[in-house]
Every structure is written in structure tokens, then in C-alpha cells.
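The values are calculated or read from the model by the stated rules, or taken from the named source; none is laboratory data. Computed from a predicted model, the values in this text were never measured in an experiment. Here Cβ is always computed from backbone atoms with ideal geometry, including for glycine, and neighbour counts include all displayed protein chains. Ligands, DNA and RNA are excluded from the accessible area calculation, which covers all protein heavy atoms including side chains. Shrake-Rupley method; radii C 1.70, N 1.55, O 1.52, S 1.80 Å.
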Amino acid sequence: MSMIPSPSRDEPAGPVGRPVEPPPGITDARLARQIAFLLEIDQLKSVLRQSHLIDRSRRENDAEHSWHLAMLAVVLGEYAAAEVDQARVVRMLLIHDLVEVYAGDTFLYDTQAAAGQAERERAAADRLFPQLPGDQADELRALWEEFEARRTPDARFARALDRVQPLLLNFYTGGSTWRPHGVTRADVLNHQKTIEDGSPALWEYVRVMIDEAVRRGYLRA
């Protein structure tokens, strides 16, 4: 198997985590803090994932991934294993990778990097969410924690979509991430439960897709 990359992050133009000063004359401290947070998370656009765009022109970034997942939730909500609050699922998916502003993206099949992923991302959450006003910091942190814990129907469906999206990109780009890293059918099937718990219907689609990917040589048997 080829060398799997470390957590990926393109360096932004300015210093990471540097406070954003509001323009002179701004007196609403809450609004200034919210705007500063929104500018801070702009860095998510520079965090590259391993998946390629469908046109294979480049790798997708975390912001694009989060947007695409939100659209999956809107379009595929009817396939959730249990009744879900679609708006909550969308919000969860839009914030689930914000910690990667500081932690970087960890490739799903990089077992060495995955060993420290939870610790890196929790430290990033401790640093990121408190930049918001307290009520919003608590709300977004709680949604992030819920997504990570995968104990509610909303979180299980959100996590399922987070697994399905890169599989779709891989299949429809001819295994553009799988093939260079020697990913096997067994590697992909190791994540079956995360998808099946959130959506048995989507798991059935993915299962057929995986078999076809092996047949076409996108995945190693």
C-alpha cells in the first residue's frame, strides 16, 4: 500500500487563530465576535480532503464536503433509519468538520493518524467554539458532540451521510482515492455499521456499489 498522507491542511495566508478586529465604529460586541468567528472558519476552505471532485480536476476541500453533505441530508432525508429532524441534521453536518480548521483532515483509511484523531479534534473544539458568544458556543459544541457520539437518530443519519458521500465520489471518479492507497473491499466494509445504523436503504445502495467497484478494479478485492 502506498504511503497514506498525514492530516491535510493548506496553510492560510494569515496567522492561524489571530483575532479579527472589527472596523472602527462597531460597538456591538456580540456581532463583532460572531463575524470574527465566521471569518476564522473561512480557513475550512483551505483544508483539503483526499476525495476528488467528480470532474477529477482537483481534491475537494472541507467546506465543499460540508455543503455537499447538507444537500445529501435535504435530498435523502426520507431514507433515514428513524424519523429525524432534517434541519438539525443539516446544522450538524455544516458544523461537524469545523474543528478541522485547526486539526486538519484525517484520511479515513490512515489507521496511524486516526489513533490521535479524537484527541486532536477535541483540542481544536476547545479552541474554536469558545470564540463565539457563550450561548452559541454551547449550542454548536453540543451539536458537534452529538454527531461524534452517534447516539441519536439525527446523529446516526448525519454520520451515515458523512460515510456515503466520499464513497460516491470515489466510485464515480474510478476509485481516484482508493486505488493510489491500495484500499480494499474489507477496508470499506469496516465502516458498514456506521452507514447501516443511520440508513439501511443507503447501505444497500453502497453495498451494491462496492461490489461493482471491485468488479471494475476501483477497489482491491
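Annotations
- Residues that are part of a helix (DSSP H, G or I) and among the β-branched types (Val, Ile, Thr) were ranked within the range 28-67; the one that is surrounded by the fewest Cβ atoms within 10 Å (Cβ to Cβ) is ILE35.
- So ARG159, is it surrounded by 19 or more Cβ atoms within 10 Å (Cβ to Cβ) and closer than 30 Å to VAL214 by Cβ: yes
- Hits in the range 140-175 (condition: part of a helix (DSSP H, G or I) and among the small types (Gly, Ala, Ser)): ALA142, ALA149, ALA155, ALA158, ALA160
- Given (1) open to solvent by 20 Å² or more (accessible area, probe 1.4 Å); (2) among the charged types (D, E, K, R); (3) part of a helix (DSSP H, G or I), index of the condition GLU121 fails: (1)
- First in the range 70-84 and more than 17 Å from TYR205 (Cβ to Cβ) and open to solvent by 20 Å² or more (accessible area, probe 1.4 Å), second anywhere and in a helix (DSSP H, G or I) and not aliphatic (A, V, I, L, M), Cβ under 6 Å, 6 or more apart: ALA82/PRO153; VAL84/PRO153; VAL84/ASP154; VAL84/PHE157
- Flag if ARG151 is of a type in the set (D, E, K, R) and crowded, with 17+ Cβ neighbours inside 10 Å: no
- Here the range 94-118 is the region considered, the condition is being open to solvent by 50 Å² or more (accessible area, probe 1.4 Å) and not polar (S, T, N, Q), and the residue that is modelled with the highest pLDDT is LEU94.
- A single entry from ARG159, ARG215, ARG150 fulfils the requirement of being touching a Phe, Trp or Tyr at 6+ places or on another chain (Cβ under 9 Å) and at pLDDT 95 or above: ARG159.
- Positions within the range 191-221 being surrounded by fewer than 16 Cβ atoms within 10 Å (Cβ to Cβ) and either touching a Gly at 6+ places or on another chain (Cβ under 6 Å) or of a type in the set (Asp, Glu) (or both), in sequence order: GLU204, ASP211, GLU212
- Boolean, LEU128 is under 30 Å from TYR218 (Cα atoms) and assigned to a helix (DSSP H, G or I): no
- Candidates in the range 124-139 are the residues that are of a type in the set (A, V, I, L, M, F, W, C) and within 9 Å of VAL99 (Cβ to Cβ); of these, the one that is surrounded by the fewest Cβ atoms within 10 Å (Cβ to Cβ) is ALA124.
- Pairs where the first residue, in the range 112-136, is touching a residue at least 24 places away in the same chain (Cβ under 8 Å) and the second is in a helix (DSSP H, G or I) and exposed (fewer than 15 other Cβ atoms within 10 Å of the Cβ), C-beta under 6 Å, 6+ apart: PRO133/ARG30
- Residue within the range 176-190 that is open to solvent by 40 Å² or more (accessible area, probe 1.4 Å), without any contact (Cβ under 8 Å) to a residue 12 or more places away in the chain and either in contact with a Cys (Cβ under 8 Å, 6 or more places away or on another chain) or not hydroxyl-bearing (Ser, Thr, Tyr) (or both) present: yes
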